[in-house]
Amino acid sequence: MRFPQLTFTRFIAAMIVLLFHFGHSEAMLAVPFFGHILEYANSLLSYFFVLTGFLLIVSIVRNGEAPKAIPSKLFWINRFARIYPLHILALVMTIGLQLAVVSYNPTADVPPLRADKVILSALLLHAWYPDYALIYNYVSWTLCIEVLLSLLAPALYGWMNKQETPTLVRNIILIWVASLMVHFVCVQSGMPVDWGFYWPPFHVPEFIVGMLGGFVMVRHYPQLKAGVSKVHMAAWAGGVAMLLIMGFATQVLFKNSIIFAPVFLFIIMSICLSENWLTRLMSTRPLIYLGEIGYGLFILQVPVSILMLYFFDEFVDWPYKYVCVAFLVVLIAVSAAVYEGMEKPIRNYMKKQLKKRIATMSPEPAVQKVAA
């Protein structure tokens, strides 16, 4: 099953993250309600993990059938070949530019190089140590979660694939509620709030919720289309509730992004089931392309920001807002270049290999039959 309109949402989510990182001006934060939402906008990172789980399921359906299992070895190679090369490039760029900053200004506030931190960061293990979560390329803590989700995905798929939809929905709801309770108890017991946000295992329920949505979409697409108004209503109601929570949130709620996973799932399903001018616009090639370079926009924002907001701003006397516009243009250009030169060739090769392997695996039509 293909839903090209979802690709552009990656770009939107990446832009929201950029606004959170570089739009924290006192004037914007002072705006009633909106300022509070902006302050807590990084909670929206949960969207990426829900979307990853959803796309994992719908993307492997072929000719109305889903395979019994995901070929673990090839799947892991495929995922890691997408995650690690660009991560290493961004890490090298970040460290290199930070060293350049120090050589230019020895008093600059730049984290010192330490072998253990560099190794943990390169291997995407640093978020398992909350004190190290934001070292060097600080947005890469999310990739530690993506690595964990990739490792768990084949086993989770096998477990979920065996269950009928009502049982699966019940079990995932129980897991989601239990994860909220565990997070709350941990925080009340003295766990630092940041641990619940950066520590990878706390984000597994978001991925599972996304996988649930994928299974429901695959198994019950005609019924969902027939009742699409209910899905739209759930997405709108959930979105409004989420904004209200963010607008009046306590730190515990804001650092517990698990709570928003069902909302993001309904939004994703609503977009998939919509047939209007907006989704047609989102399915146009230019907007799809912006979504395709979304990973680069996200992971390269730190090194490009050092280049533009430190060195460029140092030598060009522009207002900050104009420097930010130049930063965005350069970031999009660099992300597109890296996508064409690195991401796209690797992705296309690995996708072909994974499709060939999945095609040789027999499906289970009793549970997985799709009427698309």
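Read-outs throughout are calculated quantities, based only on the coordinates presented, and are distinct from any laboratory measurement. Here the structure is a predicted model, which means the values were calculated and not measured. Here Cβ is always computed from backbone atoms with ideal geometry, including for glycine, and neighbour counts include all displayed protein chains.
At 0.36 nm per residue, and after removing the present C-alpha to C-alpha distance, how many nm does the segment from Leu174 to Phe312 gain when stretched out fully? Don't skip to the end; give the middle numbers.
Working: separation 138, 0.36 × 138 = 49.68 nm, distance 5.09 nm.
Separation in residues times 0.36 nm, less the Cα-Cα distance, equals 44.6 nm.
Take the Cα of Ile12, step 7 Å along the line toward its Cβ, and report every residue of segment 216-237 whose backbone nitrogen sits under 17 Å from that point.
231-237
What percent does the relative contact order of segment 4-357 come to when contacts are Cα pairs within less than 8 Å and at least six residues apart? Let's see the in-between values first.
Numbers: 376 pairs, mean separation 114.0, N = 354.
Contact order relative to length: 32 percent.
Just name one of Ala333, Pro286, Leu151: the one whose Cα is farthest towards the positive end of the charge dipole of segment 4-357 (beta-carbon charges, Lys/Arg +1, Asp/Glu -1).
Leu151
What are the ³J(HN,Hα) couplings of segment 113-119, residue after residue, when phi is run through the Karplus curve with 6.51, -1.76, 1.60 and θ = phi - 60°? Round to Hz, x for glycine and proline.
Rounded to whole hertz, the list is 6, 9, 4, 5, 5, 5, 5.
What number, in nm² with one decimal, is the all-direction average of the projected area of the convex hull of the alpha-carbon atoms of segment 4-357? Can you show the working numbers first?
Details: hull surface 76.1 nm².
Over every viewing direction, the Cα hull of segment 4-357 projects on average to 19.0 nm².
Between Val182 and Ser103, what length comes free when the chain is fully extended (0.36 nm per residue of separation minus the Cα-Cα distance, one decimal in nm)? Write out the running numbers ahead of the final one.
On the way: separation 79, 0.36 × 79 = 28.44 nm, distance 4.60 nm.
Separation in residues times 0.36 nm, less the Cα-Cα distance, equals 23.8 nm.
Which whole-Hz ³J(HN,Hα) couplings does segment 336-348 yield from phi under the Karplus relation 6.51 cos²θ - 1.76 cosθ + 1.60, θ = phi - 60°, glycine and proline marked x?
Result, ordered by residue: 5, 5, 5, 4, 5, x, 10, 4, 4, x, 5, 4, 5 Hz.
Using alpha carbon centroids, what distance separates segment 252-325 and segment 89-153, in Å?
21
Could you run the Karplus curve 6.51 cos²θ - 1.76 cosθ + 1.60 with θ = phi - 60° over segment 127-132 and give me ³J(HN,Hα) per residue in whole Hz, x for Gly and Pro?
With coefficients 6.51, -1.76 and 1.60, one gets 6, 6, 10, x, 5, 9 Hz.
What order do you get for Thr279, Thr284 when you list them from fewest to most C-beta neighbours inside 10 Å?
Numbers: Thr279 18, Thr284 12.
If I rank by nearby Cβ atoms, fewest first, I get Thr284, Thr279.
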